[in-house]
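The values are calculated or read from the model by the stated rules, or taken from the named source; none is laboratory data. What you see is a predicted model, and the numbers here were worked out from it, not measured in a lab. Using ideal geometry, Cβ is built from the backbone for each residue, glycine included, and neighbour counts are taken over all protein chains shown.
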Amino acid sequence: MTKKIADLKRVFSDGSIIITGSAGLIEGVKIKAAKVLPDERGRLGEIMRADDEMFEKFGQVYFTTTYSGVVKAWHWHKKQTDYFYVAKGTVKVALYDKRDDSKTKGCVNQIYLSEHCPAVLRIPPGVCHGWMCVSQDEAYIINLPTEVYNYSQPDEFRIPAHDNDIPYDWTRKDG
């Protein structure tokens, strides 16, 4: 049995930031361009500030890396909001709204986050998410979640990356 894959069309764009989706932008998902200030010494990039309209609260900051071609998916949280920023490399992020009380239940979104187009992506609780490193080199992802990781009772629920009912296919699309 072959699962149905969502047909993705542009649902949001702001400058070079583009989100494609099956129906629209998933309820509660937000994105903003990150401010990068270059000079002759290098660059300074602001990821999140306490006076940012997207800021909720601080839980912790951590980084994770992903090797080229690797998929890290799917998982979701009951309480935690994630804020993703890619410091190095490029990842294809996929989102799936599994929330029963959401107007966008069943909707899929896809966005590319990259060092070349710095942005912060807000992923609300209940939205399944994951990414694939599509750059040749390892990608470095910084997350600023709203909750502290609880080692004894993690707010993290997993779904297999490929064998699931989510209408999304991680395969690279050449053309």
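Side notes on the structure shown:
- Condition check for PHE58: surrounded by fewer than 16 Cβ atoms within 10 Å (Cβ to Cβ) and out of contact with any Pro (no Cβ under 7 Å at 6 or more places or on another chain): yes
- Members of region 92-138 that are surrounded by fewer than 16 Cβ atoms within 10 Å (Cβ to Cβ) and either in contact with a helix residue (DSSP H, G or I) (Cβ under 8 Å, 6 or more places away or on another chain) or of a type in the set (Gly, Ala, Ser) (or both): GLY106
- Any hit, region 146-160, residues being within 22 Å of ALA34 (Cβ to Cβ), in contact (Cβ under 8 Å) with a residue 24 or more places away in the chain, in a strand (DSSP E or B) and of a type in the set (Val, Ile, Thr): no
- Every listed requirement among (1) closer than 18 Å to GLN80 by Cα; (2) touching a residue at least 40 places away in the same chain (Cβ under 8 Å); (3) part of a strand (DSSP E or B) is met by VAL93 save one, (2).
- Residue in region 57-69 that is among the aromatic types (Phe, Trp, Tyr), out of contact with any helix residue (DSSP H, G or I) (no Cβ under 9 Å at 6 or more places or on another chain) and not in a loop (DSSP other than H, G, I, E, B) present: yes
- Meets criteria (in contact with a Phe, Trp or Tyr (Cβ under 9 Å, 6 or more places away or on another chain), under 21 Å from ASP14 (Cα atoms), at pLDDT 95 or above and not hydrophobic (A, V, I, L, M, F, W, C)) for ARG122: yes
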